[in-house]
Amino acid sequence: MGPGGFYRPSNRSGAKLRLHMMCFGRLWDPVTKYEKSYRSDGSAPPPLPYEFISLAENAIEDAQLHMKLLPSMLPDICVANFYSYGDRLGLHQDCDEHVGGLDRGLPVVSVSIGESAEFLYGHTRDENKLEKVLLESGDVLIFGGKSRRIFHGVRRIIPPLDPTGVSQVIEETGLILGRLNLTLKQS
């Protein structure tokens, strides 16, 4: 939290989103998109760690073994979203990137850490026609190629059924309960 760290972004109407966000590599914001280099607090995003870039490249290479037409991508931004219980992210498309990359279907790599999330996705905004999947800690989701512009969102964060050991993890790491999602893409 604080300058350069996680903050609660707003949408165009000024309402706060139900998550905390920060960026690495480049700045992206729900209102200004990629237009600004600095946040309202004057901070620039920290550099994109090599480990994040490597994670995305390796995940794409693994996926290409099963999907030959999935294009490669070199991420230059990571949007990190932190969800507490009760937080969510409404249906949206990741379509603020360069139109050439969108048309080529450059993939988005999403890494889940922490609590499970109910994730919705599909080619429509109609929630009754969307697919649903449970994303658990360690899951990597990639959407690219023909599916690059899917609608997707987080319906809810699911608390652990067995909290045994959770307090030990919190004590040892200093982390708080919730879900961290790292979204890596090429802007």
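The values are calculated or read from the model by the stated rules, or taken from the named source; none is laboratory data. All of these numbers come straight from a predicted model, not from anything done at the bench. Cβ sites come from the backbone with ideal geometry, for glycine too, and all protein chains shown count toward neighbours. What goes into the accessible areas is simple: the full protein's heavy atoms, side chains included, and nothing from ligands, DNA or RNA. Shrake-Rupley method; radii C 1.70, N 1.55, O 1.52, S 1.80 Å.
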| said: Pull out all pairs, ordered by first then second residue, where Cβ-Cβ is under 9 Å, the residues are six or more apart or on different chains, the first lies in the range 32-49 and is in contact (Cβ under 8 Å) with a residue 40 or more places away in the chain, and the second is hydroxyl-bearing (Ser, Thr, Tyr) and assigned to a loop (DSSP other than H, G, I, E, B). | reply: TYR34/SER187; ALA44/SER37; ALA44/TYR38; PRO45/SER37; PRO45/TYR38
| Filtered residues of the range 34-49 (kept if more than 16 Å from the chain's Cα centre (by Cα) and surrounded by fewer than 16 Cβ atoms within 10 Å (Cβ to Cβ)) | GLU35, LYS36, SER37, TYR38, SER40, ASP41, GLY42, SER43, ALA44, PRO46, PRO47
| message | Could you go through the range 109-117 and let me know if any residue there is among the aliphatic types (A, V, I, L, M), farther than 28 Å from SER10 by Cβ and modelled with pLDDT of 95 or more. | response | no
| task | Please give the number of the condition LEU27 fails out of (1) touching a residue at least 60 places away in the same chain (Cβ under 8 Å); (2) out of contact with any Gly (no Cβ under 8 Å at 6 or more places or on another chain); (3) of a type outside the set (D, E, K, R). | result | (1)
| Residue list for the range 50-63, restricted to those being crowded, with 16+ Cβ neighbours inside 10 Å and without any contact (Cβ under 8 Å) to a residue 24 or more places away in the chain | GLU57
| field | Enumeration of residues in the range 1-31 that are open to solvent by less than 30 Å² (accessible area, probe 1.4 Å) and in a loop (DSSP other than H, G, I, E, B) | value | GLY4, GLY5, PRO9, LEU19, LEU27, PRO30
| Which one of the conditions (1) on the phi > 0 side of the Ramachandran plot; (2) modelled with pLDDT of 85 or more does PRO46 fail to meet, given that it meets all the rest? | (1)
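Filter the range 124-157 down to residues that are assigned to a loop (DSSP other than H, G, I, E, B), of a type outside the set (D, E, K, R) and surrounded by 13 or more Cβ atoms within 10 Å (Cβ to Cβ) and give me whichever is farthest from the chain's Cα centre (by Cα). Spell out the reasoning first.
Let us first name the residues in the range 124-157 that are assigned to a loop (DSSP other than H, G, I, E, B), namely 124-126, 130, 136-139, 144, 148-150.
Still in the list and also of a type outside the set (D, E, K, R): 124, 130, 137-138, 144, 150.
Next, only the ones that are surrounded by 13 or more Cβ atoms within 10 Å (Cβ to Cβ) stay: 130, 137, 144, 150.
Numbers: LEU130: 19, SER137: 13, GLY144: 14, ILE150: 14 Å.
Once the filter is applied, the top-ranked residue is LEU130.
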| field | Residues of the range 64-113 that turn out to be closer than 18 Å to GLY178 by Cβ, open to solvent by less than 20 Å² (accessible area, probe 1.4 Å) and not in a strand (DSSP E or B), as a count | value | 1
| said: So the check is Cβ under 8 Å with 6+ separation or different chains; which pairs have a first residue in the range 100-114 that's under 14 Å from MET67 (Cβ atoms) and a second one that's part of a helix (DSSP H, G or I) and open to solvent by less than 10 Å² (accessible area, probe 1.4 Å)? | reply: PRO107/ILE60; VAL109/ALA56; VAL109/ILE60
